[in-house]
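Participant: Once you've had a glance at the structure underneath, I'll fire off some questions.
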């Protein structure tokens with residue numbers, strides 16, 4: 001009984017190897033195909049993941065930034081982390097930049113030159129390429145000139161019209177032309193570094209020395225006068241601002257040939273130029289009351305000069321002749337205001353000793369009007385009535401309205417401090 005069982009088991013056992021060997025060979029062969037296929041796919045993924053190269057050039061600092069970027073596929077970042085970047089000057093082979101693993105190379109470039117850079121990527125997927133970069137020429141000062149009230153620097157390239165702060169506190173900076181920068185002169189000298197940027201991005205730091213404005217010579221001094229010549233019992237009528245032109249006043253001036261000096265604000269005059277041309281045609285005189293009526297003592301010398309000069313030139317263009325007389329807003333006056341008026345081309349500044357408003361006539365000493373007084377009114381509603389009342393008082397006192405000119409201040413002592421008013 002035992003022997004048949006044993007024989008049966010032996011035959012069954014001896015049959016398994018013959019049935020199993022072909023199956024194992026098939027499995028092993030299939031696994032080999034899968035390994036080879038996976039290796040091929042991996043290599044294809046590695047091949048597709050070659051790092052890229054990007055770059056940017058900054059003209060302002062004459063630098064280039066070259067960066068490795070990740071290639072495509074799942075291996076891109078892995079290969080990038082094992083890659084390096086070397087940059088050499090192609091002309092002489094000199095190393096000019098190198099990155100850390102997977103990093104960025106930054107290098108300085110000579111301004112105004114064409115540079116060829118050889119970029120080499122080392123690592124699992126090496127590559128070589130050439131980058132040619134041309135940087136703008138350096139920005140530099142080529143000369144300077146001294147204009148009225150300012151020093152003008154000439155630059156080698158057109159500039160960006162940025163707004164740098166004032167130098168030395170009060171010296172304003174402007175750009176009169178594409179390749180010029182102007183620094184206003186002041187009562188003090190100024191030495192500073194001027195930071196400039198060209199239109200192409202090049203930057204420069206230019207040392208500048210701005211000489212102080214010399215003291216105004218006494219014969220040319222632009223003084224402030226509250227009185228004028230009393231000869232022939234003269235009295236002088238002045239009207240400020242110009243916001244409310246009065247047809248009634250224009251009619252009085254045209255009919256009687258009354259000499260009136262209007263100290264006009266540029267911004268107030270511009271909307272009503274036909275009226276002011278008629279005022280001048282009727283015999284009126286125009287004076288400078290600045291662009292926008294600021295307190296000039298609170299401005300820098302350059303800003304005050306602009307207020308005087310801009311208004312003077314605009315009034316000259318519009319009304320036929322640039323004023324030579326000015327009146328500081330609010331009567332605010334000091335040495336820089338005088339210097340600014342001188343630089344702007346004015347010859348004298350007119351104050352006042354009496355004023356007229358809707359409440360009547362007010363004199364500096366509370367006495368009746370006297371010869372030599374300069375009377376202040378304003379272009380406001382009701383001016384026609386105020387002027388009519390003033391003329392009655394003038395005629396009652398046997399005074400003679402006369403035109404206010406620079407000659408009217410001959411032998412008159414100037415005012416030494418600000419006046420109170422508007």
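The values are calculated or read from the model by the stated rules, or taken from the named source; none is laboratory data. Please read all numbers here as calculations on a predicted model, not as lab measurements. Because the Cβ atoms are built from the backbone with ideal geometry, glycine has one as well, and the counts that use them run over all protein chains shown.
This table checks each residue for (1) touching a residue at least 40 places away in the same chain (Cβ under 8 Å); (2) surrounded by fewer than 18 Cβ atoms within 10 Å (Cβ to Cβ); (3) in a loop (DSSP other than H, G, I, E, B); (4) outside the structural domain of residue 171 (by TED's automatic domain parsing).
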| site | (1), (2), (3), (4) |
| --- | --- |
| 310 | yes, yes, no, yes |
| 313 | no, yes, no, yes |
| 318 | yes, yes, no, yes |
| 346 | yes, no, yes, yes |
| 367 | no, yes, yes, yes |
| 381 | yes, yes, yes, yes |
| 393 | no, yes, no, yes |
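Participant: Scan 286, 291, 280 and give me the residue that is surrounded by fewer than 24 Cβ atoms within 10 Å (Cβ to Cβ) and touching a strand residue (DSSP E or B) at 6+ places or on another chain (Cβ under 7 Å).
Facilitator: 280
Participant: Another question, then. Only one of 68, 107 is under 13 Å from residue 123 (Cα atoms) and in contact with a strand residue (DSSP E or B) (Cβ under 7 Å, 6 or more places away or on another chain); which?
Facilitator: When all the criteria are applied, what remains is 68.
Participant: Is one or more of the residues making up the range 237-247 under 28 Å from residue 183 (Cβ atoms) and touching a residue at least 24 places away in the same chain (Cβ under 8 Å)?
Facilitator: Among the residues of the range 237-247, not one is under 28 Å from residue 183 (Cβ atoms) and touching a residue at least 24 places away in the same chain (Cβ under 8 Å), which makes the answer no.
Participant: Another question about this same structure. Can you find, within the range 320-338, the residue that is farthest from residue 292 (Cα to Cα) among those that are assigned to a helix (DSSP H, G or I) and touching a strand residue (DSSP E or B) at 6+ places or on another chain (Cβ under 9 Å)?
Facilitator: Among those residues, the one meeting the criterion is 338.
Participant: Still on this structure, I have one more. I'd like the full set of residues that are closer than 22 Å to residue 289 by Cα and assigned to a helix (DSSP H, G or I), limited to the range 395-422.
Facilitator: Across the range 395-422, the qualifying residues are 406, 407, 408, 409.
Participant: Oh, and also: Is the range 99-114 home to any residue that is more than 22 Å from the chain's Cα centre (by Cα), assigned to a strand (DSSP E or B), at pLDDT 85 or above and exposed (fewer than 12 other Cβ atoms within 10 Å of the Cβ)?
Facilitator: yes
Participant: Go through 339, 297 for me and flag whichever is within 26 Å of residue 210 (Cα to Cα), crowded, with 20+ Cβ neighbours inside 10 Å and either in contact with a helix residue (DSSP H, G or I) (Cβ under 8 Å, 6 or more places away or on another chain) or not assigned by TED's automatic domain parsing to the domain that holds residue 225 (or both).
Facilitator: 339
Participant: Of all residues in the range 58-97, count the ones that are in a strand (DSSP E or B) and at pLDDT 80 or above.
Facilitator: Residues meeting the conditions: 14.
Participant: Quick one: which residue in 384, 326, 360 is at pLDDT 95 or above, under 21 Å from residue 264 (Cβ atoms) and over 42 Å from the mean Cα position of the chain (by Cα)?
Facilitator: Sole residue among the options that is at pLDDT 95 or above, under 21 Å from residue 264 (Cβ atoms) and over 42 Å from the mean Cα position of the chain (by Cα): 384.
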